[in-house]
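The values are calculated or read from the model by the stated rules, or taken from the named source; none is laboratory data. These numbers come from a predicted model, not from an experiment. Cβ coordinates were reconstructed from backbone atoms using ideal geometry, including for glycine residues, and neighbour counts include every protein chain displayed. Heads up: the accessible areas ignore ligands, DNA and RNA and are worked out on the full protein's heavy atoms, side chains in. Shrake-Rupley method; radii C 1.70, N 1.55, O 1.52, S 1.80 Å.
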Amino acid sequence: MSSTVHSGHALPADSRRGLFGRAIDFLGTYVFSVDHKVIGIQFLFSTLLWFFVGGLLAMAIRWQLAWPWAEMPLVGPLLFPHTGGQISPEFYTVLFTMHGTVMVFLVIIPILAGAFGNYLIPLMIGAEDMAFPTLNMLSYWFMWPAFIAFTASMFFAGGPATGWTSYPPLSSVSNAAPGSGFAQTLWLLGLTFVGISSMLGSVNYMTTILQMRAPGMTMFRLPLTIWGMFITAILQAFALPVLTAAGFMQLSDRLIGTGFFIPEGLTVNGVSAGAGGGQPLLWQHLFWFYSHPAVYIMLLPAMGMVSDIMACFARKPIFGYKPMIFAIGGIAALGFIVWGHHMFVSGMNPMLGTTFMLSTIMIALPSAIKTFNWLGTLWGGRIHFTTPMLYSIGFLSMFIIGGLSGIFMAVTPVDRYIHDTYFIVAHFHYILFGGTAFAVFGGIYYWFPKMFGRMMNDFWGKVHFFLTFVFFNGTFFTMHILGAGGFPRRLADPYHYEIFAHMLPLNQLMTICAFGMFLAQIPFVLNFFLSIFLGPRAGRNPWHATTLEWSAPSPPGHGNYDFQPIIYRGPYEYSVPGREQDFYPQWIAPKPVAPKEST
Amino acid sequence: MESSSDQTVEKGHDHSNLFFVVFLALCLLTLGSFLTYFEFWNTRVPTASSRLFMMAIAVVKASLVILFFMHLHWEVAWKYVLTIPSLLMATILLLGLVPDIGYRMLDYSTERERFAAHPQEAEEIREAAPEAALMREGKLNIEENSDS
Amino acid sequence: MKAFTHWSLFFLLVPLIGTAIFVAAPAMNLWLPKDVSVMGGEIDHLFYLILWLTGVVFLLTQILLAFFVWFYDARRRTEPAIYSHGNHSLELFWTVIPAFILVFLGLYQIQAWANLTMRPPEDPALEVEVTGRQFEWRIRYPGPDGEFDTPDDLYHVNDLHVPVNREVVVYLKSEDVLHSFFLPNLRLKQDIVPGMTGRVWFRAKEVGEFDLVCAELCGWGHYKMKGRLTIQSQENFQQWLKTMANEQEAVQ
Amino acid sequence: MNASPPAETSTAEAHHHGGFQYQPGLPIPRGKVCLWLFLSTEIMFFAALIGSYIVLRFGAPVWPRQHDVHLSEPLGALNTFVLICSSVTIVFALESIRGSYPRRAKAWLLATLLLGTVFLGVKGYEYKEKFAHHLYPSQPRSLIYERPDVYYRTAVKQRLLEIDQELSSEESELLREKKELAEEDSPQALDRLGTIELALDRNAHRQQVLKDFHFKTKLIEERDGEVVERWVWADLPVSQMPAFAYNVMPPAPVHHGSDDHEEEHFAGWNVLEPWLELPMVIPGGNMWVSTYFLLTGFHAIHVLVGLIAFALVLPLRLTVARAGLVENLGLYWHFVDLVWIFLFPLLYLF
């Protein structure tokens, strides 16, 4: 929208910084770039690629659950010639291990923090780049050893087979499971590299948000996306080192014979596991001390993005901006003291269980506040049903389901029954796919014009949303029913139990829906790649949004802004009474005799 | 890196004497905790209070280093924002671990008992010592014990 | 798709179909399996309580969402959006109400949790030891003298026999890796940690044969680590023990 | 945070490095913010490690005494002192830079580097001591055993067989060489003969030790018409293994509560005859070595990183412009010192 008037003062072109004064060649621009936008897009492409891999793994899992031990059509004979095209039980464990690993560590965390965080943080706060561009580049390139280690682990010695939680002693004793030898070591190495990458990234994001906001951009004028990213970075910085430490301990258990997670005198498959002396539960505590906050790491930025999109397309300020921030902060703070709810049936001290139960119950509160505030944002708005908005509403709808089903798990006696059943699988897929992935899709449709300077096709976007939403619910809503029936997760063939045998048809229905969901991504992929080259050109502010990133050219050049951004008001000034336009961007200077405005 | 607003530069000129005093205090405190190593201390002070004493000394030393060497004494409010949450998190982590791992002795399994070297072991070994000494000197009839 | 202007109907389908599925599932025998334990009732009660609570919230919020999506559609609404940054009393209202419900829920369940995990029966009728190993359940009865680690211990694999209407205490051990002792019909699940002895207890109230499932990943054969739970009348159980003892003696 | 946007006039001024102007954040440079954030993550890292140590130690049924594992408190105290010294030298380096004394700053920095090296040297010496006593976690098993059980017996048997084979093969080798040399009579051969004699003497002594201590008593029995060789020590019943273990690795004397008599301390075979290298029973020993090497190892890695950073900064001109850099380095170094302040009592004195 070229009618947008820029305030502030245009900078002369030569004052913008190059990359260390280096000549900008292809490698420097697109590969080893230190520009946050290029790094963000690198993260985006890498993670979308891994999203595809993780999806394929999920399809294989669903195939096995719907038609156990049946020959996989087309790919089966190629992949598993020695078993006649069947998935072997060993490979099934690898499948769900890698599905979890890829989706958590290589897709959701890096796509939110790495892709959107990198791309949006400097643009939304008015910085020319990250505080430490080189560190930023390193944080992307540290993902590559992780990519390689995880990929290699799938092909070595049968692949890691201990679940993404990697519980010892199964994971610490190399003869406990086929493939838990070198493959598991590689897996742990991959985890360590992901940890290093996230740590570099999160420290950088925090410094940038604290120190590099444009003049006038006070903390309480930051868009909620940035708040989500900021709190996420804090969570990562505080929680991740614990997992890194635990990972090192498990590595040393495997490689040099320490015994942190191996009890005394343990004998597995007739072979002594070493002197031992440790506690398997210690790993669970350390692991979940990171991995529970990680759930919020996987959700908070998505919540922020949804808030931005929702305010923009409801043409309405976000309902309760500060309470939203305090809710994010509350989730983060409580997120550190609820890790034990993953361990209610693990043999944990029951008194400790009660403590964790109470804190877990309380963490539902900020989530409830956020939900109601989103509903409050829709109330009284003028809702435009663009694709990003549909995804945001879809997010809200799915997040309600995921949040409510979480209460079942929080209640310890009920958890004793539904723990490790498909109920929990349904719950976290509602949060992570229905929640985060929907927000990510919404975010891609929403910020695509900024990233590539072109619009994505709205019609095919809606087709994508419609199919994904329908098939997603078809796959995962029924999982609640399975879970209530006690159907345990991670079983390659549950149907030889009398009690689960009758659930096969339901599983087949779910698998068909899952395949549908996988195929529903084809319009997205085509739309995404074709729009990069063929989409209609987008102006600076195609959505008439108010946040700062829309003031920059699309796509922004080096240094992001061709003027000095100055911030005059809060991020969601839509439909301000008395203005001819229904949005009042952050960067527009108020008229000298403007009526008294509220910020 | 801009450092124009760094207040410690202006204030930090004449701290050399103070740093030296802090250094001496740290050395003395180290010596203090090292006292627990000696025989006379061990025999007179209960282990628990000795440990408490050592940890107290460590905390004092740590605060001295943080406050003066790391200049937090002269910094403004941001120091609390950065340090208190991490200390809080660290404490929570430790507290969360204590009931399950630290007190695991209270819920000890027989399996573990069978394999673990448990506290009585040292006593048993000591009791068996005379026998062992005899064996060492070759006076004990080995053949008698050997056919089990 | 451009003609599709009824996104509100689309989002309304979520609560409608969702509720329909939960209503239809029990009728289609896809629901909580038959509860045969005394304490399972408490868990089911809590489950239904939460189901009702969350169900009401689910319907309210989703229908409200669909209504907003219909009512505030820019295509059918002419007046501008309401310029509002929120309403503190409204927000306080929807903070305090859920907080109250959640605190109630948290306190309400403590009793059940204590019964399940902290109050073992004082004088159980039967103590039995179940040892998980890759990939089977080894079961040990104390034998006639009622004490473990004596020569008359009885051993059995993958088939746990217990008497009906009696307090049973199960000691859970693992020989190698983590397992989980899961009896869906008794609403009982407990992970088994090597190096620790877990203890669970139950009182079955119906005779029958049920599944014993391993619910914690324990290696490639995790799916086939299948056991049976046989709940018998007291006489049948004693008879069975006697047969076992005779068989074992004959082997020795 | 600043609530009101800055006035129009002030924002118009170009900033000193030509880039954008920013809203005031924390009143410290970006590098320092980043470093403090990094230190917070480090606090959590060491909290996990030290926390694990604390709970594992107090959850353990038994923990070895310092003397069982050849831990030297004076060395630990020395290292603490060295680190404190290095902490104060880096502080003085920063002070010198701020007072524009680049040469003095360089000297202080060099002193810090040297002190850090001394710390690592002492640490290395301690590690060497541990390794010399076979105190390390190893795959599949080190020489440390938790209790005198069947595994221990098997390991002892293994080791005794090894010793016996080593000694007899050495002896035959020496004798063969002696026979060859007997025909020559060059001075070198005479010299060599002398050493061979000495070696033979030592070998004979060792074999005598084996016999004297009844490590190996071959019992030759006839069982069912078959001659059976039996290794008595290695076949000891498990009930007698504690006594055997006591002779290999006697528990340290008890200090507490008994000041009137110094318990007579038998040194143990592994100490009297170190070449035996018999497996030892150190209850809790495996967890001890695990945690000791984990904690001191990660601390040593941090020291090493600090030293590398010092070495990289030393060649630079330490002008006032680099005060921020040295300050950040110093902050990191103080953190390393802080960790050690807690490790010293926890590992050495507890």
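Treating r as the C-beta distance of residue C:251 and residue A:269 and R0 as 30 Å, the FRET efficiency rounds to 0.70. The long axis of helix A:300-314 is offset from the longest Cα principal axis of chain A by roughly 40 degrees. Consider a paramagnetic label point 7 Å from the Cα of residue A:75 along Cα→Cβ; state which residues of region A:136-164 have an amide N under 18 Å from it. Flagged as within label range: A:150-156, A:158-160. Modelled spin-label separation between residue C:158 and residue D:78, with each label point placed 7 Å from Cα along the Cα-to-Cβ direction: 6.4 nm.
Where Rh is the Kirkwood radius over the Cα pairs of region C:126-250, the temperature 25 °C and the viscosity 0.890 mPa s, what D in µm²/s does Stokes-Einstein return? Mind showing how you got there, number by number?
Working: Rh = 14.6 Å.
Estimated via Stokes-Einstein, D reaches 168 µm²/s.
Taking chain A as the reference, fit the longest principal axis to its C-alpha atoms, fit the long axis of helix A:504-519 to the helix C-alpha atoms, and give the angle between the two in degrees, 0 to 90, nearest 10. So the helix axis and the longest Cα principal axis differ by about 40 degrees.
Counting only protein heavy atoms and using a 1.4 Å probe, the accessible area of residue C:110 comes to about 50 Å².
Give the shape of the protein assembly as shown as rounded, prolate or oblate, defined through the alpha-carbon gyration tensor: a ≥ b ≥ c are the square roots of its eigenvalues, a/c under 1.5 means rounded, and otherwise the shape is prolate if a/b is larger than b/c and oblate if not.
Working: a/c = 2.10, a/b = 1.30, b/c = 1.61.
Here the protein assembly as shown falls in the oblate category.
Distance from the C-alpha centroid of region C:190-252 to that of region C:106-170: 9 Å, rounded to the whole angstrom. The lysines whose alpha-carbon is closer than 19 Å to the alpha-carbon of residue D:211, local same-chain residues fewer than 8 away aside, are B:139, D:157. Against chain A, whose longest principal axis comes from its Cα atoms, helix A:36-66 is set at around 40 degrees.
Fully extending the segment from residue D:169 to residue D:128, taken as 0.36 nm per residue of separation minus the present Cα-Cα distance, adds 11.8 nm. The residue among A:423, A:448, A:478 whose Cα reaches farthest toward the positive pole of the charge dipole of region A:403-506, with charges on the beta-carbon of Lys, Arg, Asp and Glu, is A:448. Dipole magnitude for chain A: about 1280 debye, using +1 per Lys or Arg Cβ and -1 per Asp or Glu Cβ, origin at the Cα centre.
Pairs with C-alpha atoms separated by more than 23 Å, drawn from the list C:189/C:226; A:370/D:32; C:189/C:224, are A:370/D:32. Sorting D:49, A:432, B:95 by accessible area puts them as B:95, A:432, D:49; the probe is 1.4 Å, largest comes first, and only protein heavy atoms count.
Using 0.36 nm per residue of separation minus the Cα-Cα distance, give me the extension gain between residue D:311 and residue D:198 in nm, one decimal. Mind dumping the intermediate values first?
Values: separation 113, 0.36 × 113 = 40.68 nm, distance 4.92 nm.
That pair, residue D:311 and residue D:198, stretches by 35.8 nm at full extension.
A 1.4 Å probe, protein heavy atoms only, puts the accessible area of residue D:239 near 100 Å².
May I ask you to rank D:145, D:136 by accessible area, largest first, using a 1.4 Å probe over the protein chains only?
Numbers: D:145 15, D:136 70 Å².
Putting D:145, D:136 in descending order of accessible area: D:136, D:145.
Could you list the square roots of 5 times each eigenvalue of the Cα gyration tensor of chain C, that is, the equivalent ellipsoid semi-axes, sorted largest first and rounded to whole Å? Mind showing how you got there, number by number?
Values: eigenvalues 546, 81, 56 Å².
Rounded to whole Å, the semi-axes are 52, 20, 17.
List residues of region D:168-183, by number, whose backbone nitrogen lies under 16 Å from a label position 7 Å along Cα→C-beta of residue D:277. Of the residues in region D:168-183, D:168-170 have backbone N under 16 Å from the label point off residue D:277. Given R0 = 51 Å, the distance between the Cβ atoms of residue D:149 and residue A:509 translates into a calculated FRET efficiency of 0.40. Our summary of shape: the Cα atoms of chain A have principal axis extents of 83, 52, 50 Å, ordered from largest down, in whole angstrom. Taking every DSSP helix (H) stretch of at least 4 residues in the protein assembly as shown, weighting each as -39,500 (n - 2.57) and dividing the sum by the residue count yields a mean residue ellipticity at 222 nm of -18500 deg cm²/dmol. Residue ranking by accessible heavy-atom surface, 1.4 Å probe, largest first, among D:184, C:127 comes out as D:184, C:127. Remark: chain C carries a charge dipole of roughly 1520 debye about the Cα centre, counting +1 on each Lys and Arg Cβ and -1 on each Asp and Glu Cβ. With both labels modelled 7 Å from their Cα along Cα-to-Cβ, the residue A:496 to residue B:25 distance reads 7.0 nm.
Distance from the C-alpha centroid of region C:36-50 to that of region D:303-350: 59 Å, rounded to the whole angstrom. Bridge orientation summary for the protein assembly as shown: considering DSSP beta bridges with both residues in this region, about 75 percent are antiparallel.
With +1 on each Lys and Arg Cβ and -1 on each Asp and Glu Cβ, how big is the dipole of region A:315-536 about its Cα centre, in debye rounded to the nearest 20?
Working: 11 positive and 5 negative charges, 174 e Å.
Value, rounded to 20: 840 debye.
For region C:209-252, the alpha carbon positions stretch 36, 29, 11 Å along the principal axes, listed from largest to smallest.
Taking every protein chain into account, the 1.4 Å probe leaves residue D:88 with about 10 Å² of accessible area, to the nearest ten.
Label sites at residue A:326 and residue C:224, each approximated as a point 7 angstrom past Cα along Cα to Cβ, lie 5.8 nm apart. Note on B:75-82: average number of Cβ atoms from other chains within 10 Å of each residue's Cβ is 4.
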